[in-house]
Structure formats: C-alpha cells, structure tokens
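Report on the following structure.
The values are calculated or read from the model by the stated rules, or taken from the named source; none is laboratory data. From a predicted model like this one, the values you see are computed outputs, not experimental measurements. Virtual Cβ from ideal backbone geometry, glycine too; neighbours counted across all protein chains shown. The accessibility values were calculated without ligands, DNA or RNA, using every heavy atom of the protein model including side chains. Shrake-Rupley method; radii C 1.70, N 1.55, O 1.52, S 1.80 Å.
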Amino acid sequence: MEIKEDSLKHIRHQGLGDLITYENTANGISGRSTNGYFQATVYTPNIIRIQISQNEFFDTLSYAVICTSQETEFEVSENTEYISLKSKFLQLEIIKKSSRFSFFNDKGQMLNEDCPGLGVSFMGDSKSVYKTMQKGERFIGLGEKTGNLDRKGTGYTNWNTDHFAYSAGADPLYCTIPFYIGLHNQLVYGIFLDNTYQSDFNFGASNDRFSSFTVRGGDLNYYFIHGSSVAEIIISYTHLTGRMQMPPLWGLGYQQCRYSYYPDHEVYKVAQTFREKRIPADAVVLDIHYMDNYKIFSWDSDQFPDPGKMIKDLKDQGFNVVVMCDPGIKIEKSYPAYEEGVAQDLFLKYPDGTYYSGQVWPGWCHFPDFTKPDTRNWWGNKLKDYVQLGVKGYWNDMNEIATWGQKLPELIEFDFEGEGGSTKRGRNVYGLMMCKSTFEGAKRHLDDERPFNLTRAAYSGVQRYAAVWTGDNVSTDEHMLLGVRIVNSLGLSGVAYAGYDIGGFAGEPSIALFARWISIGAFSPFFRGHSMVNSRDSEPWSFGEEVEDISRNYINLRYQLLPYLYSVFYEASISGIPVVRSLAIDYSFDDEIYHLSYQNQYLFGPNILVAPVESYKEMTRVYLPEGHWYNFHSEELHSGQSHVYVDAPLTHLPLFVKAGSVIPMQSVVQSTQEAPEPLLHLHVYGGGDSEFLYYEDDGSSYQYQDGLSYRRSIIFNHQEGTLILTEVEGSWPSKFAKSRFAFMVLLVLILSGYRGKNTSYIEEELVFLPAISNFDPLGKEVVEKKVTVATITIENSDQEITVEF
Ligand code: GLC
C-alpha cells in the first residue's frame with residue numbers, strides 16, 4: 001500500500017509491543033518492549049507498581065505517595081509465554097506477546113488484565129491502558145465525581161476546574177483523585193494512577209469490552225492494589241497516599257458561613273444568635289469580604305477595625321474563626337505580598353520569565369508557585385499574622401486555579417522542586433500544594449495546636465492536609481443527594497473528612513429543603529452551612545420557627561454523638577477507613593445497595609445507617625443490608641436484606657442502628673469548648689456482637705501522637721451477656737467520670753429479672769429528638785418519639801470494666 005507522506009504526521013495508536021528483554025531489580029523487574037520501557041515493583045505484599053514510559057527514564061517525583069517500596073519477598077519466573085512476578089498475595093503475569101499485564105490473587109483468581117488486542121496504547125503524548133471488562137464488573141471511587149455509586153457506563157476527566165453551580169452530571173469538578181476500586185465475581189482490586197496530567201477514565205462508557213484510563217503526558221504510573229475487601233483496598237491506598245491527622249475537635253462542630261458576613265457586628269450578631277437560640281455551633285467563617293479589596297493577608301479596616309478583638313470576643317463565646325485564603329496575589333505596588341513575591345521570585349511564570357497574570361476577585365493577580373519550596377515556606381510564614389490574631393481555621397479556595405475565563409495557558413512554568421513542568425503537569429496539583437503550604441505553615445505558627453484546613457481543589461493525598469468540600473453546589477434536592485454521594489465517594493478515595501454546603505450555595509433552598517439538608521448534614525464529616533452573595537439568609541433560624549427547631553434538634557444530636565464521631569475520626573486517622581461509609585464498603589456484593597433508589601444510603605461510622613430522602617417525601621423505602629437494624633426513632637427491629645417503608649417527615653430523617661452496636665454519646669453542649677456533663681452515655685443495641693475503638697484526647701494538640709490519648713475497646717457480646725470496656729491505653733484522662741449504659745432492647749429481659757445479673761437497672765425514657773413546637777394551631781400534632789431503656793450507671797475506671805446483663 002502506498003503511504004501518503006502526510007499521514008505520517010498524524011497520531012495513531014501504537015502498542016507497547018512485544019517484550020524484548022527484562023532484568024531483575026531490587027524489588028521487581030524492569031523491561032524493554034518494542035515501543036517502550038516498563039518497570040514492575042512489588043511495593044508491599046498487596047501492591048505492585050507499574051510504570052510504563054516511551055523512554056528509559058521514568059518519572060520519580062510524586063506529591064501523592066509518601067512511602068517507598070518495602071523490602072518484601074517475591075519470586076520472578078518465566079516460561080515461553082510470560083514472565084511472572086509473585087508476592088505473598090499478588091501475582092503479575094506479563095505476557096510476552098504485546099506485553100500485556102494481568103493480575104491474579106494468591107488463589108490464582110484473575111483480578112484484572114490488559115485487554116487483548118488493545119492493552120497499552122501510546123497516542124502522541126497520551127498513554128492509555130485498556131482493561132478487559134469482567135463479567136458483572138462494577139467501579140466505585142474516583143473521588144469528587146458526579147454520577148452514580150457504581151460508575152459503570154460512565155466516563156470521567158480529571159482536570160481541576162472551577163465550576164460554579166455545576167449541574168448534577170457535570171465533569172470535571174474541582175478535584176483529581178485518580179483512584180478507583182473494581183469489583184467482580186466476589187473479588188476486589190484498586191488502581192491508583194499517580195499522574196498529575198489530565199487523565200481520563202472510561203468505565204465501560206464505550207462498550208462492554210473494556211474499561212480504560214489515559215494520561216495526557218508523563219508516564220503511565222499506576223499502583224495495582226489487591227485486598228480481600230473494599231476496606232483493605234482503602235487501607236492500602238491510604239498507606240500509599242497518607243491519612244489525615246486528627247483535626248481539632250471544634251472542626252467536627254457546626255460551622256456557619258456565608259458569602260460574606262461583614263462588617264464585624266454582623267459576625268458578632270450571627271454568633272450571638274446561635275447562643276441566644278441555644279443552637280450549638282463552633283465556628284463562624286469569614287469569606288472574601290473580610291479582606292481589603294480581596295487581598296489575601298489583609299483586613300478591611302473599615303469593616304473590621306479590630307479583628308484581634310473580634311476573634312477573641314468570639315472565642316470567649318465558644319467560636320473559632322475560619323478565614324478565606326485565595327491564592328491570587330493582586331498586582332499592586334506596595335502591597336507587601338506582591339512586592340515580596342516579585343522580590344523572591346515566587347510566582348508562576350511564562351517560559352520567557354515574565355509572570356503569569358490572571359483575573360480573580362482582587363482583579364489582575366500573580367499566583368504563588370506552590371510546587372516551589374521557597375514559595376510554600378513564604379506562604380506558610382505569611383499566615384503568622386492570622387495566627388497572632390487568633391485565627392485557627394483556613395479555607396483554601398479558587399485553587400484549581402480559578403481565574404475569570406479559566407484559560408490558564410498550557411505553557412506556564414511550574415517549579416516542581418526544581419525539576420520543572422508546565423500547566424499540563426501542574427494544574428491538578430496546585431490545590432494540593434497550596435493546602436500543604438497552608439496546613440504546614442499554620443501548624444508551624446500555632447505552636448502544637450491543630451489548625452482546621454479546608455480546600456476546594458485537590459489531588460490524591462490531600463487528606464494529609466485538608467478537609468474537602470464539594471464547592472458551588474445548588475439549592476435542589478438532586479444536589480443534596482448528589483453531595484451525599486460525592487462525600488461517600490471521597491471517603492472511598494482516601495478523603496475521610498469532607499462535606500458540602502448545607503442549603504446549597506447557588507440558588508435558594510425552600511424551607512423544607514433546608515430542613516432536610518441540615519438534618520442530613522449532621523451526618524456528614526464536615527458540617528457547614530454556606531450560601532452565595534446576595535441570596536436570602538440561610539442560618540438555621542432563617543426559615544421559620546419549625547425549621548429552627550429541626551435544625552437545633554439535629555445539631556444537638558450531632559453534638560451528642562461527638563464521642564462516637566471523634567472515635568470514628570480517630571479510626572480514619574489510623575486506617576484511612578472513612579467517617580461516612582458507602583454501603584459498598586461493608587456490603588460490596590449486595591446488588592441492591594447500588595440500586596438508584598438506595599445508592600445514597602450510607603453508614604455514619606460503623607453503626608448508624610443514614611437514608612437521605614428528598615425534602616418533598618413524607619415516606620420512603622429503605623433497603624437494609626445484611627444483619628438486623630433498629631429504627632433509631634423507635635425500638636422497632638428489622639431483619640436485614642429487606643426493604644422497609646418508613647415515615648420520613650422533615651422532623652425525622654430515616655436512621656437505623658446496627659443490632660449489636662454500642663454508641664457512645666454525651667450531653668448537649670453549645671460548643672466543643674464547653675465541657676459536657678461528666679457522664680458517658682453508652683447506648684447498647686442488643687442482638688449481635690461488636691467491638692468499637694473508643695477514643696479521646698485533648699482535642700487540640702498533637703500530643704496524642706506521643707501517647708497523650710485515651711483508648712479502649714468496647715466489646716459487646718450479646719450471647720454471653722457481657723459488655724467489656726478494656727483497660728485504658730494512653731495517658732489522657734477521660735472527660736467522663738461515669739458511664740451510663742442504656743440497654744435499648746434487652747429491657748424486657750433485664751427488668752423481668754430473666755437475665756438481670758445486676759439489680760440496679762433503672763427504667764428510663766430517652767428522647768433523641770424532642771417534638772418541635774406546635775406553632776400552627778391547625779397543623780398536625782407532632783408526637784415526641786420516646787424509647788424506653790434499662791440503664792445502669794457505674795464509676796469509670798481505667799481498668800477493664802465488665803458489665804454482665
Ligand atoms: C467560590 C467558593 C465559594 C465562596 C466564593 C467567594 O465560589 O466556592 O464558597 O463563597 O468563592 O469567596
């Protein structure tokens with residue numbers, strides 16, 4: 001065939017080609033095929049890293065991965081067809097013909113394989129891997145993405161983007177977390193594609209033949225993770241990319257935000273209203289109007305003449321202040337941040353050395369290059385002034401980078417620790433590196449106190465530095481449920497601390513929508529109300545008395561649950577298992593949980609099942625997975641793997657508690673600065689066994705990392721009739737002098753003396769959500785739901801405590 005010269009200029013697929021040669025390396029093998037090079041490294045017994053490049057130099061710098069490969073046992077063998085690399089749990093076979101990679105577990109079951117005929121594909125600078133779609137394969141994770149829990153049939157792009165009022169199917173959004181979990185035939189695996197260039201994932205969006213992922217530059221560099229459960233995959237992924245450190249306890253409280261509260265007396269008024277109305281809250285958030293002309297590190301001296309005093313006064317009322325931090329530095333002579341940035345050469349540049357300028361809130365700006373160590377250091381030091389004023393919370397925004405028009409030219413130069421890179425490589429990590437600079441800077445100045453740090457843009461590993469919120473959502477029911485799914489997906493993707501703007505940022509929620517949203521938000525790791533400039537007031541009291549009561553009820557409940565929630569945060573900090581748990585973690589192969597009607601349900605910690613419902617529904621159908629479940633609002637017990645119809649008035653969000661669990665709670669406080677009553681309420685839901693790691697520490701310092709903490713397991717054995725609090729580990733004294741065990745369902749047995757081994761049980765009534773006031777004389781009477789329990793109260797001791805019932 002005659003080839004026209006012109007056609008040679010056009011990019012077409014080229015495979016990796018047949019294997020030519022390979023050699024053993026310290027932790028794996030390295031090889032050459034006709035059209036490229038590869039390395040396979042046994043990273044841990046559960047993880048094999050694959051690197052594929054068109055030249056023999058592989059990318060080395062990663063901002064996401066914090067550990068190097070472990071020394072671990074593996075074997076290399078070869079036959080005529082393939083080379084095999086085998087670790088304790090995972091086996092990689094590289095088929096010599098066309099260099100295809102297949103992964104098997106230790107039982108020889110195939111987890112994942114490159115698609116015959118396609119496999120690795122080079123297209124100019126782009127590189128892809130096509131994987132055979134397995135029968136019944138599902139895909140979960142990929143971080144902050146719209147769409148369904150099971151991502152099968154969908155394609156996504158990672159290119160951090162400021163997307164105001166995004167639609168419920170929009171893509172890409174603000175974050176890039178190129179990690180997903182595949183499930184098929186009772187098998188699970190994870191793939192983390194550590195490449196910061198634009199990446200694209202295709203989960204069978206084109207056909208049933210393959211799933212694929214593509215990078216638009218750099219190497220194909222992915223970690224293949226084996227595990228026997230979804231939880232194990234998350235543990236391994238967060239072993240690679242890190243886990244959050246404990247946030248300050250106040251960061252788990254309610255935060256009130258709007259764009260923007262100003263002048264200072266508005267801020268005082270908001271804080272004071274919370275206290276007057278006895279609605280707990282821990283933070284007021286200052287959006288861009290606190291600054292002088294939106295210039296970061298400055299204060300508007302007319303609106304906020306004495307920020308130090310304001311912050312102190314608020315602190316005295318139990319409020320912390322979170323300030324907005326935008327990266328754009330206004331180009332303005334004698335503005336110190338600008339002058340310093342120029343003098344110290346800290347900004348992003350064009351290849352000719354001139355600074356890149358883009359327009360954002362302050363007007364024309366330069367942008368700190370956070371991939372440069374000097375810039376990170378400078379930024380961190382600039383936070384000192386905030387810290388000295390008493391600011392403990394930082395909100396990293398517009399860090400995609402957002403500029404009006406979004407056109408960050410692709411040839412902008414990023415430092416990349418001196419290695420160099422363009423926008424193509426830098427854009428997706430800009431947010432991550434800003435968070436690192438803010439978090440580490442604040443930490444440095446806060447003198448061992450934990451900062452609260454929040455971000456909009458992110459890349460894998462962000463959990464080490466900041467909580468993530470889902471950006472500019474919209475006041476609709478659809479968005480409310482989408483936010484729940486995104487936060488669950490972030491949890492599957494290593495980000496345990498995440499949330500959404502309650503009430504919706506853009507638009508205005510109806511009364512009902514706000515009421516429902518705040519009750520669901522009480523079961524989100526990060527709990528904040530926020531709304532757009534020039535929109536109606538959106539504080540919990542702004543929607544009438546009934547919604548005020550509903551908000552108070554759910555915020556109170558959130559604060560009562562703090563001992564449980566804080567323990568769950570601790571678990572996330574040591575294992576990476578998220579605070580909110582998609583049902584795909586514990587019930588991975590139950591098809592029903594992926595059903596569109598039930599995919600929004602999740603577990604808040606290990607034991608509380610939340611079934612979010614649209615605001616206009618008075619009743620809903622809930623799917624209860626395996627086990628037994630108590631309706632939280634009554635004593636009703638349901639068998640799992642069943643569907644139940646439940647009432648869902650705005651006052652009662654459907655909540656269920658797993659049989660066999662013990663939920664530690666406390667008295668209501670108005671902020672986490674207030675000490676709860678010294679009585680730990682342990683709510684015992686009979687009918688199963690459980691073990692829960694109970695955790696306390698000072699809630700504010702890093703000394704917990706040196707053992708200043710209080711850890712004990714709560715072990716419940718229904719059959720044996722025992723509840724054991726194991727001996728305390730750590731040197732922090734509990735804030736609770738006594739423990740009160742409230743047995744929910746064993747009541748009849750206990751009080752009738754059938755099993756009671758202790759006569760000091762008392763019958764009590766519990767009300768978790770008091771009836772809201774009956775404001776409307778014609779309205780329906782709201783009946784308080786009471787639960788009758790048998791309680792026993794004992795002195796706490798650090799020794800093992802056994803309660804027999
Ligand atoms: C961005 C943020 C939003 C904030 C606004 C003003 O749109 O996403 O939360 O209120 O900027 O700073």
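Structural remarks
- Residues whose placed amide H lies under 5 Å from that of ASN453, excluding near-sequence neighbours: TYR394, ALA467
- Zone of PHE164's modelled label, taken as backbone nitrogen in the range 385-417 under 15 Å from a point 7 Å along Cα→Cβ: 398-399, 402-407
- Selection of GluC sites (Glu not before Pro), the range 225-308, meeting DSSP coil and at most 14 other Cβ within 10 Å: none
- Only Lys, Arg (+1) and Asp, Glu (-1) charged, at Cβ; the range 236-369 dipole about Cα centre in debye: 580 debye
- Potential lengthening of the chain between ILE762 and HIS643 amounts to 39.4 nm, from the contour at 0.36 nm per residue minus the alpha-carbon distance.
- Evaluated with a Cβ-only charge set (Lys, Arg +1; Asp, Glu -1), the range 132-204 carries a dipole of roughly 300 debye about its Cα centre, given to the nearest 20.
- Simple point charges give the picture: +1 on the Cβ of Lys and Arg, -1 on the Cβ of Asp and Glu, and for the chain a dipole about the Cα centre of about 780 debye.
- Normalising the average separation of contacting C-alpha pairs (under 8 angstrom, six or more residues apart) by the number of residues puts the relative contact order of the range 99-147 at 25 percent.
- Packing rank of 242-255, 22-35, where each peptide gets the mean count of other beta carbons within 10 Å, highest leading: 242-255, 22-35
- Size descriptors for the range 549-676: radius of gyration and Dmax over Cα atoms are 15.0, 45 Å.
- Kirkwood Rh and Cα Rg combined as Rg/Rh, the range 479-586: 1.00
- Percent RCO, i.e. relative contact order, over the range 173-326, from Cα pairs under 8 Å lying at least 6 residues apart: 16 percent
- Listed peptides 40-50, 762-772 appear in the order 40-50, 762-772 once ranked by packing, highest mean of other Cβ atoms within 10 Å at the front.
- Taking every C-alpha pair closer than 8 Å and separated by at least 6 residues, the mean separation divided by the residue count of the chain gives a relative contact order of 10 percent.
- Cα lying deepest toward the dipole's positive end in the range 384-525, options ALA512, PHE416, ASN488, charges on Cβ: ASN488
- Every helix of 4 or more DSSP H residues in the chain counts as -39500 (n - 2.57), and over all residues that averages to -5500 deg cm²/dmol at 222 nm.
- Cβ-defined net charge surrounding SER615, 14 Å radius [Lys, Arg +1; Asp, Glu -1]: -4
- For chymotrypsin sites (Phe, Trp or Tyr not before Pro), the sites in the range 553-640 that DSSP calls loop and that have at most 14 other Cβ atoms within 10 Å are TYR616.
- Cross-link pairs exceeding 28 Å in C-alpha to C-alpha distance, out of LYS658/LYS785; LYS9/LYS145; LYS145/LYS312; LYS312/LYS443, comprise LYS9/LYS145; LYS145/LYS312.
- Other-chain or far-sequence residues with amide H under 5 Å of THR788's (modelled H): LEU766
- Computed over protein heavy atoms with a 1.4 Å probe, the carbon and sulfur contribution to the accessible area of the chain reaches 47%.
- Cα-based Rg and Dmax for the chain, where Dmax is the largest Cα-Cα distance (Å): 27.2, 97
- In a DSSP loop and with at most 13 other Cβ atoms within 10 Å, the trypsin sites (Lys or Arg not before Pro) in the range 112-183 are LYS135.
- Accessible area per residue in Å² at 1.4 Å probe, computed on the chain: 36 Å²
- Length available on full extension from ILE574 to ASP385: 0.36 nm per residue minus the Cα-Cα distance, which gives 64.8 nm.
- Inter-part distance where the range 602-631 and the range 483-556 are each reduced to a Cα centre, Å: 18 Å
- Top positive-direction residue, dipole computed over the range 234-291 with Cβ charges, set TYR259, ILE234, HIS289: ILE234
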